[in-house]
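Colleague: Before we start, here is the structure in question, set down as structure tokens.
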Amino acid sequence: MRYWLMKSEPDEASIDDLAHAPQHTLPWTGVRNYQARNFMRDTMQLGDGVLFYHSSCPEPGIAGLAEVSSTAYPDPTQFDAKSPYYDPKSKQEEPRWVLVDVVFKKKTPLVPLAALREHPELAQMRVLAKGNRLSITPVTSEEWRFILKRLM
DNA sequence: GCCAACGTTGGC
DNA sequence: GCCAACGTTGGC
């Protein structure tokens, strides 16, 4: 059992979109970064905890909790020429990009990025590192517990 | 809109 | 294999 922070632009997929999706589940499409892909492909497991983070928006921060609800499988948007995530170099026989399904658990009061920065207990979080752009980052069980108990 | 930080690409 | 150029991310 592991924990993750996954970024999403609320314009594309917000915690409310996840809550209202069929089966409260969305495929995590569009990851086009090898490190983030490798996390999904190699390390994520069914039932892993997810901090659902809103990025590139007026109030960036953790907006809710979710759970990994599938193992990794090929991201169909890589083969769709009309998709913004289309990758002409990816082949059907050898898909380059994968995704996992994520299921809604709960919406929480927003934990703003600035609030995360205030706590020394969270200083090592990848998402707080200067210049961090990785859309999926590991969260330790200590960080997870601290955020749920103290910040939500 | 700005800009720092980062990842990727491609020429050599 | 190096590295400059470029494109993207994402907070502010």
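Colleague: Could you give every pair whose Cβ atoms fall below 7 Å, whose first residue belongs to the stretch A:19-38 and is within 13 Å of DNA strand C (Cβ to nearest atom), and whose second residue is open to solvent by 50 Å² or more (accessible area, probe 1.4 Å) and not hydrophobic (A, V, I, L, M, F, W, C), counting only separations of at least 6 or pairs across chains?
Modeller: These pairs meet every condition: A:Thr29/A:Tyr85; A:Gly30/A:Tyr85; A:Arg32/A:Tyr85.
Colleague: Pull up the stretch A:121-152, narrow it to residues that are within 19 Å of A:Leu110 (Cα to Cα) and of a type in the set (Val, Ile, Thr), then point me to the one that is nearest to DNA strand C (Cβ to nearest atom).
Modeller: Out of the qualifying residues, it is A:Val127.
Colleague: Which residues, taken from the stretch A:73-98, are loosely packed, with under 15 Cβ neighbours inside 10 Å and charged (D, E, K, R)?
Modeller: A:Asp80, A:Lys82, A:Lys89, A:Lys91, A:Glu93, A:Glu94, A:Arg96
Colleague: State which residue is most open to solvent (accessible area, probe 1.4 Å) when the search covers only the stretch A:19-56 and only residues that are more than 10 Å from A:Val100 (Cβ to Cβ), away from DNA strand B (no atom under 16 Å from the Cβ) and in a loop (DSSP other than H, G, I, E, B).
Modeller: Filtering the stretch A:19-56 for residues that are more than 10 Å from A:Val100 (Cβ to Cβ), away from DNA strand B (no atom under 16 Å from the Cβ) and in a loop (DSSP other than H, G, I, E, B), the one most open to solvent (accessible area, probe 1.4 Å) comes out as A:Thr29.
Colleague: Whether any residue in the stretch A:89-110 is part of a loop (DSSP other than H, G, I, E, B) and within 30 Å of A:Lys149 (Cα to Cα) is what I want to check.
Modeller: Within the stretch A:89-110, one or more residues are part of a loop (DSSP other than H, G, I, E, B) and within 30 Å of A:Lys149 (Cα to Cα).
Colleague: Here's a check for you: in the stretch A:111-141, which residue that is open to solvent by less than 90 Å² (accessible area, probe 1.4 Å) and in a helix (DSSP H, G or I) is farthest from DNA strand B (Cβ to nearest atom)? Give the derivation first.
Modeller: Of the residues in the stretch A:111-141, the ones open to solvent by less than 90 Å² (accessible area, probe 1.4 Å) are A:111-116, A:119, A:122-123, A:125, A:127-129, A:131-132, A:134-141.
Within this subset, residues satisfying the condition of being in a helix (DSSP H, G or I) are A:113-116, A:122, A:127-128, A:141.
Numbers: A:Leu113: 15, A:Ala114: 16, A:Ala115: 21, A:Leu116: 17, A:Leu122: 18, A:Val127: 12, A:Leu128: 12, A:Ser141: 24 Å.
Going through the qualifying residues, I end up with A:Ser141.
Colleague: In this structure, does A:Thr77 turn out to be closer than 25 Å to A:Glu93 by Cα and β-branched (Val, Ile, Thr)? Spell out how you get there, then give the answer.
Modeller: Working: closer than 25 Å to A:Glu93 by Cα: yes; β-branched (Val, Ile, Thr): yes.
In short, yes.
The values are calculated or read from the model by the stated rules, or taken from the named source; none is laboratory data. None of the values given here were measured: they were computed from a predicted structure. Neighbour counts are summed over all protein chains in view; Cβ atoms, including those assigned to glycine, are modelled from backbone coordinates with ideal geometry. Note: areas computed on protein heavy atoms with side chains; ligands, DNA, RNA excluded. Shrake-Rupley method; radii C 1.70, N 1.55, O 1.52, S 1.80 Å.
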